[in-house]
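Worksheet: the structure to be examined is printed underneath.
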Amino acid sequence: MSLLDVSPVVPVVVVDDVARAVPLAEALVRGGVRIIEVTLRTDAALESIRRIVDEVPDAVVGAGTVTTPALAAAALAAGAKFLVTPGTTDSVLAAAADTGLPVLPGAATVSEAMRLAELGYSDLKFFPAEAAGGIPFLKSIAGPLPTLRFCPTGGITATTAPTYLSLPNVGCVGGSWLTPTTADPSTIERLAREATALRSG
């Protein structure tokens, strides 16, 4: 199964406190969201991935914001099940591929998307979605690039997500609204349930 087919919404999670990782992941799973992208933006990120892998077996946890070859290797060592890059350089893409994990490489332009397609990638992250053209951009490239599907991320909200998901070249969206920094597990579970109700088409 493609990463884009696991859930309509992939929660993009920034964890500052390792102690929050497992309760957060458990709440998402209870709400029906099994896939979790933990961004490698904090010192707590890699240990958070380790703990979720060890303690929440129903979660499919990956590492986001993979911006260097070293981060790709570290994510693999932490037990990540997939990698997400915000953009794509040769060295990062090669290191990500070397891990053997599924990779969702980032693209923000037609040329970047075409290059990744040439390299064999058909599922891409479109980032930063809203700043890079959003829904009009994705509509405009569906014709010339019909084999590509996207997970747009960046500036998407619960309000705009359904419109993104209605596009034929969007498999899912990434969003941070499922896991607000101050939210308790019951709130995260409710937001996850609402997210699982979002469907394309």
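The values are calculated or read from the model by the stated rules, or taken from the named source; none is laboratory data. Please read all numbers here as calculations on a predicted model, not as lab measurements. Positions of Cβ are backbone-derived with ideal geometry, glycine not excepted, and every protein chain shown enters the neighbour counts.
Conditions (1) of a type in the set (A, V, I, L, M, F, W, C); (2) over 14 Å from the mean Cα position of the chain (by Cα); (3) at pLDDT 95 or above; (4) exposed (fewer than 14 other Cβ atoms within 10 Å of the Cβ), marked per residue:
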{"site": "Ser122", "(1), (2), (3), (4)": "no, yes, yes, yes"}
{"site": "Phe127", "(1), (2), (3), (4)": "yes, no, yes, no"}
{"site": "Pro144", "(1), (2), (3), (4)": "no, yes, yes, yes"}
{"site": "Leu148", "(1), (2), (3), (4)": "yes, yes, yes, no"}
{"site": "Ile156", "(1), (2), (3), (4)": "yes, no, yes, no"}
{"site": "Pro168", "(1), (2), (3), (4)": "no, yes, yes, yes"}
{"site": "Ala183", "(1), (2), (3), (4)": "yes, yes, no, no"}
{"site": "Thr196", "(1), (2), (3), (4)": "no, yes, no, no"}
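For Leu3, indicate whether it is touching a residue at least 24 places away in the same chain (Cβ under 8 Å), touching an Asp or Glu at 6+ places or on another chain (Cβ under 7 Å) and among the hydrophobic types (A, V, I, L, M, F, W, C). Answer is yes for this residue. Yes or no: Thr179 crowded, with 19+ Cβ neighbours inside 10 Å and out of contact with any Lys or Arg (no Cβ under 7 Å at 6 or more places or on another chain)? Against the criterion (crowded, with 19+ Cβ neighbours inside 10 Å and out of contact with any Lys or Arg (no Cβ under 7 Å at 6 or more places or on another chain)), Thr179 qualifies. Per the listing Thr196, Thr147, Thr157, Thr85, the residue uniquely β-branched (Val, Ile, Thr) and out of contact with any Ser or Thr (no Cβ under 8 Å at 6 or more places or on another chain) is Thr157.
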